[in-house]
Structures are given as structure tokens and as C-alpha cells.
Amino acid sequence: MDRRIVRTRRAIREAFLALRAQKPLEKIRVRDLCEKAGINKSTFYAHYADLYALAAAMEEELVQSILASAGQISPEDLRLRPEQLTRRLYEAFVDNERLVETLFHGGRKVLLVDRIEQGLAETVLREDPAYWDKPVRRVLLSFCVQGGFSAYKNNSGRVDDRTLVQTLGAISRAAQNIEALPAPPKKGETAMYPAREEAERILAGAKARYDQVSKTHGRWDDHCRTAARCAEKIAARCPGLDPDKAYVLGLLHDIGRWYGDGHLCHVYYGWKYMNELGYDDVARICLTHSFQVQRLGAYIGNYDIPPEAVAELDAALSAVTYDDYDRLIQLCDTLAGTDGPVDMAARMEDVRRRYGDYPQDKWNKNFELRGYFEHWGGADIYEMVKE
């Protein structure tokens, strides 16, 4: 574009912003703008039909600039990293504060936020048309965008930026987890996971059966209790997670050990056992807890179940979309020793020594999960789980 045109448009816009900061749009006159910009009316009309066209163009550019700052938001981002969207939007609002306050002054800010939400929804829709099949997802996007902006607008300057953006991110993540929470069971229905007392009874019964058939008499029940306590403590630090549910899932993640000594069989028989009891959430954890990397080939140990059971397990694992309870128990399984929390790296090294292998991608994933929950909980993982 010709440099003179660029300079003229810049002068027009700067003059418009200066006037718009002093008075509403309907009280601005083209004559005043031209005088301030140092141009004549014919030059202004060569670029814009009227002042409303100028305002609309500048508003649209601001909306697109904020959307660009938010990055290419994907359905996966909204599912797993909603706090990143909140942080990017916050930073974009701060970077464009003058334009936001001038172009969308007062009650008109709601129009800006509505347009940003609509733009994000359209971006996600293009990538995954089926993403909005669950109505809760649209509500969550509205909450992250509208609620985040309101919190920013009302608290900016009163709370330091770092605290504000961390708080907004934590709230966004807590809201995201609503999608993972099951609906309360109706009268007469079985809950998706048992109460603590029932879970303890199930674990004690499974351990008693295990002791009758086992040759090694491992303390896997103590490992489960450590995992449960770790899961409960981490969940208590992560808004949106239910500490009681986390405790029960951690307590029963290895319940397939009731079958006796073995490897992959404990995943398979735990999954089947909990499904039979109607505890779908626990069955899911029995299925996923050994697979930080979501593929059956990542399992460390023997495939000690029939080929048809392997195929069944593989299909079930592939069909799961991990949520934060899956990730939490995977992490706590790695943290949990029989006598309390242990160093992750040392425990993985012990597994490598005993089995002769520990896939690097699984090793890396464990540390990724650690960072994920440390960021969410706002503390070192060992600080959160200390006894």
C-alpha cells in the first residue's frame, strides 16, 4: 500500500481515537476530525463512507487482533487447556487496553466480548463440527470468555497481573472439569463410583482373596492407599476436582489384583470387575491407570490374558478420551509407594531395572503430568502430597 495512504489512515484513526475518548460517536463531526488529522473532507471520504464506517472498521480490526492474540484455539485446547485461552485473552486485553476503552466504552464492552466469543466458536466449529454436540461446551466457552473478561475488567489494577491471570486460569480449568463430572444418580440407580466405606470394603475383600492365591503376597493394597491419599490431596488443591472421588478412584485403581499375581491381567480383570458392579468411573480408571501413553503397546509387563481379551482391552482403551481423573491417577500411581509417596524418577528406574525397559515417552509423560498438576494446584507435587 502507498505510504501516503498509510500515513493518512493513521492520522484519521489517531484523530478519531482522540475525539472518541472525549465524546460519544454521535457527537463527533467529520469537520472536527479532519481539522485534528490535518486533512480535508474529500480525503476522509476517499477512505471511509462516514464516521460509523470508520468506527466499524476499527472495531472489527480490534476484534480480529484479539482473536489472533488468542492463537489458533482448537477443540483439544478447550478440553485440556482452557486456562491458556483465558491467559491469552487477558494479555490481549491488556495490550489493547486503550483501544478497548475507547472503541467499546462503557456498556458497549459486552459487544466486544460477544464478538470474541462468536469468533472463537466459529474457529472451533470449522475444525470439529461435532464439538458443540454437548451443550455444556458452549456454556463453558461463554464462561471462560465472558466471565474472564468481567473479572479482568473489575479487578485490573486492584490485583497484580500475575495473581489475576493465575486465578482466572484456575477458574477456567475448574469450569472445564464440570464436563467430566457425572450427573447425580437417580433414585434406585447405582452411583458411578462407591462411597469411601464401600471402597474400603471392596479393597479389603480383594486383598483377602489375593492373599489366598498369591505366591508373592505383595503389598499392593498399601500402594493403593498411598495413591488414594495422594489423589485426594492433589484434588483438594485443584479447583474443579472432587477429593472424595479422587480418593476412591486411587484406592481401587489396582483392584484387579484380586485375580492374583500377574501383569496385564490386573488391568483387564479390574476393568471387568468394576463394570460388573456398575462402577463405571472406577472401571475406567482400572483401564487407563497404566497407560499414561494411550496405547496398549506402552504397557510394561507380560500380556497374561487371552488374545481375545487383549483385543477387547485394546478397543476399550482406544475409545477413551482421557479426563483429569485419568491423568491424576496415572500420576499418583507413579508417586505411590507402599509406605508413602516416593520419588517418581527413582520408582520408574526401579521398574526399568525389574522389567528391563521403561519407554521414554511414558517416562516423559509422567513428568508432563507432574507439571500439569503443579501448575493447576500452584505448588510442587511433593509439597501437595506430603504426609
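The values are calculated or read from the model by the stated rules, or taken from the named source; none is laboratory data. Please read all numbers here as calculations on a predicted model, not as lab measurements. Here the Cβ positions follow ideal geometry from the backbone for every residue, glycine too, while neighbour counts run over all protein chains shown. Side chains included, ligands, DNA and RNA excluded: accessible areas come from the protein's heavy atoms. Shrake-Rupley method; radii C 1.70, N 1.55, O 1.52, S 1.80 Å.
Structure above, values below:
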item: ILE73 being assigned to a helix (DSSP H, G or I) and not small (Gly, Ala, Ser); result: no
item: Tally, over segment 1-17, of residues that are within 23 Å of HIS105 (Cβ to Cβ) and exposed (fewer than 14 other Cβ atoms within 10 Å of the Cβ); result: 2
item: Odd one out for GLU232 among (1) acidic (Asp, Glu); (2) surrounded by fewer than 21 Cβ atoms within 10 Å (Cβ to Cβ); (3) farther than 18 Å from TYR273 by Cβ; result: (2)
item: Those helices (runs of 4 or more DSSP H) lying entirely in segment 227-296 with at least 2 residues without any contact (Cβ under 8 Å) to a residue 12 or more places away in the chain and farther than 23 Å from TYR382 by Cα; result: 264-277
item: Only one of ARG126, ARG98 that is in contact (Cβ under 8 Å) with a residue 12 or more places away in the chain, surrounded by fewer than 18 Cβ atoms within 10 Å (Cβ to Cβ) and either among the basic types (Lys, Arg) or not in a helix (DSSP H, G or I) (or both); result: ARG98
item: Counted residues, segment 299-309 - those being open to solvent by 30 Å² or more (accessible area, probe 1.4 Å) and part of a helix (DSSP H, G or I); result: 2
item: Helices (runs of 4 or more DSSP H) completely within segment 321-387 that count 2 or more residues being under 17 Å from CYS224 (Cβ atoms) and at pLDDT 90 or above; result: 324-335
item: Residue count, segment 28-53 (criterion: in a helix (DSSP H, G or I) and open to solvent by less than 70 Å² (accessible area, probe 1.4 Å)); result: 10
item: Residue within segment 358-371 that is out of contact with any Gly (no Cβ under 9 Å at 6 or more places or on another chain), open to solvent by 70 Å² or more (accessible area, probe 1.4 Å) and touching a residue at least 24 places away in the same chain (Cβ under 8 Å) present; result: no
item: Any hit, segment 320-328, residues being in contact (Cβ under 8 Å) with a residue 12 or more places away in the chain and under 20 Å from HIS263 (Cα atoms); result: yes
item: Residue among ARG201, ARG237, ARG209 that alone is under 25 Å from THR334 (Cβ atoms) and either open to solvent by 10 Å² or more (accessible area, probe 1.4 Å) or modelled with pLDDT of 85 or more (or both); result: ARG237
item: Filtered residue count, segment 172-197, keeping only those that are at pLDDT 85 or above, in a helix (DSSP H, G or I) and out of contact with any Phe, Trp or Tyr (no Cβ under 9 Å at 6 or more places or on another chain); result: 1
item: Residue in segment 145-160 that is small (Gly, Ala, Ser) and in contact (Cβ under 8 Å) with a residue 60 or more places away in the chain present; result: yes
item: Residue within segment 295-302 that is of a type in the set (S, T, N, Q), farther than 20 Å from TYR355 by Cβ and either modelled with pLDDT under 95 or over 29 Å from the mean Cα position of the chain (by Cα) (or both) present; result: no
item: Criterion: among the basic types (Lys, Arg), free of Cβ contacts under 8 Å to residues at least 12 places away in the same chain and either closer than 30 Å to VAL320 by Cβ or out of contact with any Lys or Arg (no Cβ under 9 Å at 6 or more places or on another chain) (or both) - qualifying residue of ARG88, ARG108; result: ARG108
